[in-house]
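Coordinate-derived values only; no laboratory data. These numbers were taken from a predicted model, which means no experiment stands behind them. Here the Cβ positions follow ideal geometry from the backbone for every residue, glycine too, while neighbour counts run over all protein chains shown.
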Amino acid sequence: VTPLDLDAIRADFPLLAQEVNGHPLAYLDSAATSQKPQQVIDAEVEFLTHTNAAVHRGAHTLAAESTDAFEDARDAVAAFVGAGEGELVWTSGATAGINLIAYAIGNATLGRGGPAARRFALHPDDEIVLTESEHHANLIPWQELAARTGARLRHIPVLDDGQLDMAAATELIGDRTRIVAFPHVSNVLGIINPIDDLVALARGVDAITVMDACQSVPHLSIDLPATGVDFAVFSGHKMLGPYGIGGLYGKHELLNALPPFLTGGSMITTVTLDEAQYLPSPQRFEAGTQPVSQAVGLAAAARYLRSLGMDAVHAHEVDLERRMRDGLSEIPGIRLLGDTDAAPRVGLASFAVEGVHAHDVGQFLDSRGVAVRVGHHCAQPLHRRFGLTASVRASASVYTTPDEVDRFLDATRGVRAFFGAS
Ligand code: PMP
């Protein structure tokens, strides 16, 4: 793969060329949200300046042009993840996508959606299998669904080195399993999970698979249909795109069998005072006014990533991750989470500093211009698994430089002395 041209990329991200607290910024918080290249900002501004009108309505020229821009954006983002016709639903983000699936399954359980939706209905004692490493977005919607339906949650444990306990998964996924939901990549550990094995186990018992692809779609070449998962979600703002938009991928036939979650305008064929008929996917899940300019921006982000080449993006970020982990392992008093070379990874590293709270580490690094994420990263159970309440996470994106990683490592070397921890 051709290495990324970092100088050219950095020129597309003016935000990165600023000083913070008297130091050049080292933005190492891309797993929380990525920066946006000028191409994405321009695409949104251009659309809002010249094209904007309500989509899928109205006979006027701008409405038609906006509809084209909106649907072209869907095609571009669908192509980026390999989704086919009708297989990419816009949501406001990954959280909304997972809630959509969970609430739609709840509706199927209540008998909504007719015979086609019966396959999704849950019964008391059915099981929903998750992992111990979920982001709360892929945990709480399933807790709520379980509470509403009487289904039970089971959790695939995480091993000491951060990998999923696949022997336990083989035991847990059985005849009662109806749904298996998992992260492609944990937002804390950065490990790429063995999704082929998880999908095979789920398929073996006819369970539905739901993949949280938030931390993989921005960083890996990924063809969602080829993974075999039934549903997957991702967020625009983590893949160089705008806030307020994300994607829900689903197999076409499954999406069309699933009853809607949100209902209202733009998702129907006919409505009477007593009932309504719904459009096929994606419209059946897109009630109300959609994030149109954000879709246009997200398509620009997908084109930007595609132009860099996702294999080159991954190679670049993995190099940075190696640099972070190697550097961190040499610093006394640092405990890395998921520190294994036995699994493939993306460009992030989480760690705890002995004797110093993660928030203090974060403030110390910020005072040196280094931006990292601190806290539980919306993964409290995973932190509890490692006996922690918080950790520090440094994460890379296409624009991250080795020099930024080195400045982060230099600053981190000074943390324990500064706080008098020894
Ligand atoms: N899952 C994972 C693994 C994440 O990292 C995030 C974002 N922190 C989410 C889900 C939720 O994404 P959003 O807040 O954009 O809906």
Under a 5 Å amide H to amide H cut-off, with H placed in plane at 1.01 Å, what residues pair with residue 155 once short-range neighbours are removed?
130
Quick one: 3J(HN,Hα) in Hz for the stretch 146-157, Karplus 6.51/-1.76/1.60 with θ = phi - 60°, rounded, Gly and Pro as x.
4, 5, 6, 10, x, 6, 10, 8, 10, 10, 6, x
Residues of the stretch 18-42 with backbone N under 15 Å of the label point set 7 Å from the Cα of residue 10 along Cα→Cβ are 18-20, 23-28
So for the chain, taking the charge dipole from beta-carbon charges (+1 Lys/Arg, -1 Asp/Glu), which of 412, 265, 25 sits furthest toward the positive end?
265
Tell me, what ³J(HN,Hα) does each residue in the stretch 253-264 have, in order and in whole Hz, if you take phi through Karplus 6.51 cos²θ - 1.76 cosθ + 1.60 with θ = phi - 60° and put x for Gly and Pro?
5, 6, 4, 6, 8, 7, x, x, 9, 7, 10, x
Simple spin-label model, 7 Å along Cα-to-Cβ: residue 125 to residue 268 in nm?
4.0
Please figure out what share of the DSSP beta bridges in the chain is antiparallel and state it in percent, rounded to the nearest 5.
60
Extent of the stretch 129-218 along each principal axis, from alpha carbon coordinates, in Å, largest to smallest?
32, 25, 24
Along principal axes, largest first, the alpha-carbon spread of the stretch 1-128 in whole Å comes out as 60, 47, 35
How big is the dipole moment of the chain about its Cα centre under a simple scheme where the beta carbon of each Lys and Arg is +1, that of each Asp and Glu is -1, and everything else is neutral? Debye, nearest 20, please.
840
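Residue 17 to residue 161: FRET efficiency via 1/(1 + (r/R0)^6), r the Cβ-Cβ distance, R0 45 Å, to the nearest 0.05?
0.75
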Where nothing but the Cβ of Lys and Arg (+1) and of Asp and Glu (-1) is charged, how large is the charge dipole of the stretch 363-421 around its Cα centre, in debye to the nearest 20?
340
What does the net charge come to around residue 55 if you take all other residues with beta carbon closer than 11 Å to its beta carbon, with K and R at +1 and D and E at -1?
-2
Across the chain, what fraction of all alpha-carbon pairs, as a whole percent, falls in each successive 10 Å bin from zero upward?
5, 22, 30, 25, 14, 4, 1, 0
Would you kindly calculate the mean projected area, averaged across all directions, of the convex hull enclosing the Cα atoms of the stretch 263-419, in square nanometres?
13.9
Return the distance in nm (one decimal) between the two label points of a simple spin-label model at residue 50 and residue 312, each offset 7 Å from Cα along Cα→Cβ.
2.7
List, in order, the whole-Hz ³J(HN,Hα) value for each residue of the stretch 339-350 obtained from phi through the Karplus relation with A = 6.51, B = -1.76, C = 1.60 and θ = phi - 60°; use x for Gly and Pro.
8, 9, 9, 7, 10, x, 9, 10, x, 9, 9, 10
Kirkwood hydrodynamic radius (Cα pairs, Å) of the stretch 354-422?
12.8
So, over other residues within a Cβ distance under 13 Å of residue 408, counting Lys, Arg +1 and Asp, Glu -1, the net charge is -1
Taking the Cβ of residue 260 as the centre, find all other residues whose Cβ is under 12 Å away and add up their charges (Lys, Arg: +1; Asp, Glu: -1).
+1
The stretch 149-300 - charge dipole about Cα centre, Lys and Arg +1 at Cβ, Asp and Glu -1, debye rounded to 20
280
